[in-house]
């Protein structure tokens with residue numbers, strides 16, 4: 001191989017691909033097999049790299065969605081306690097006392113009510129919504145039973161009273177509803193299982 005005027009020149013065999021016979025430029029049988037194996041290995045590596053890249057992209061996209069939907073989870077949970085205190089303050093002032101209250105006291109109560117409504121509306125704008133218990137059906141994924149009470153005609157295991165309202169954020173549980181459930185009663189109709197009920201599932205009545 002020589003250089004003339006900065007240009008490399010040499011025998012054409014100097015440029016043959018690796019694995020080719022320099023005498024005839026053709027690969028032997030063993031060399032073809034080796035090249036095919038190398039191509040297969042490189043293809044496998046490429047497919048694995050593409051799969052890893054796709055998984056990374058999907059994971060990043062999922063993390064982005066989670067960050068946008070659930071970033072306020074801890075803050076929202078703390079704000080629920082504020083809402084609970086506002087509700088307790090209103091419940092401690094019954095309608096009878098409000099009827100005879102002074103205009104100044106009534107104004108304070110109305111201000112507390114407005115603050116509670118605004119707080120709940122703000123939470124809802126960020127995906128925080130109360131758990132619906134109107135059906136009376138106990139769902140262990142959403143409700144936490146704190147006691148068994150007389151059902152008064154309700155099916156055993158159904159919700160009797162909501163002690164503390166539960167909430168979800170987007171499609172995740174933020175706080176379960178604290179409820180009392182109907183005690184088994186021979187006069188009550190059998191419980192109606194929920195659509196997601198599993199065989200052998202039971203209500204946790206531990207406080």
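One residue is enough: does region 122-135 have a residue meeting the conditions in contact with a helix residue (DSSP H, G or I) (Cβ under 7 Å, 6 or more places away or on another chain) and in a helix (DSSP H, G or I)? Yes. Note on region 118-139: residues that are under 22 Å from residue 70 (Cα atoms) and surrounded by 10 or more Cβ atoms within 10 Å (Cβ to Cβ) total 13.
Go through region 148-183 residue by residue and tally those that are in a loop (DSSP other than H, G, I, E, B) and in contact with a strand residue (DSSP E or B) (Cβ under 9 Å, 6 or more places away or on another chain). Spell out how you get there, then give the answer.
Looking only at region 148-183, we keep the residues that are in a loop (DSSP other than H, G, I, E, B), and these are 150-158, 165-166, 170-171, 176, 183.
Imposing the further condition that a residue be in contact with a strand residue (DSSP E or B) (Cβ under 9 Å, 6 or more places away or on another chain) reduces the set to 150-158, 165-166, 170, 176, 183.
Final tally of qualifying residues: 14.
Each residue in region 72-83 was checked for being touching a residue at least 24 places away in the same chain (Cβ under 8 Å), assigned to a helix (DSSP H, G or I) and out of contact with any strand residue (DSSP E or B) (no Cβ under 7 Å at 6 or more places or on another chain), and 3 of them qualify.
Taking the criterion of being more than 30 Å from residue 127 (Cβ to Cβ) and modelled with pLDDT of 90 or more, the only residue of region 158-207 that qualifies is 182.
Selection over region 86-115 of residues that are within 21 Å of residue 176 (Cβ to Cβ) and either surrounded by 11 or more Cβ atoms within 10 Å (Cβ to Cβ) or in contact (Cβ under 8 Å) with a residue 40 or more places away in the chain (or both) gives a count of 2. Look at (1) outside the structural domain of residue 175 (by TED's automatic domain parsing); (2) under 29 Å from the mean Cα position of the chain (by Cα); (3) under 17 Å from residue 177 (Cα atoms) and you find that residue 142 fails only one, number (1). Taking first residues from region 50-71 that are surrounded by 10 or more Cβ atoms within 10 Å (Cβ to Cβ) and partners that are part of a loop (DSSP other than H, G, I, E, B), the Cβ contacts under 6 Å between residues at least 6 apart in sequence or on separate chains come to 69/170.
It is to be established whether one or more residues within region 99-113 are under 16 Å from residue 80 (Cα atoms) and either in a helix (DSSP H, G or I) or out of contact with any helix residue (DSSP H, G or I) (no Cβ under 9 Å at 6 or more places or on another chain) (or both). Yes, region 99-113 contains a residue that is under 16 Å from residue 80 (Cα atoms) and either in a helix (DSSP H, G or I) or out of contact with any helix residue (DSSP H, G or I) (no Cβ under 9 Å at 6 or more places or on another chain) (or both). Taken over region 148-182, residues that are surrounded by 15 or more Cβ atoms within 10 Å (Cβ to Cβ) and over 29 Å from residue 75 (Cβ atoms) amount to 11.
The values are calculated or read from the model by the stated rules, or taken from the named source; none is laboratory data. Because the structure is a prediction, the values reported are computed rather than measured. Counting neighbours? That spans all protein chains shown, and the Cβs are built from the backbone with ideal geometry, glycine included.
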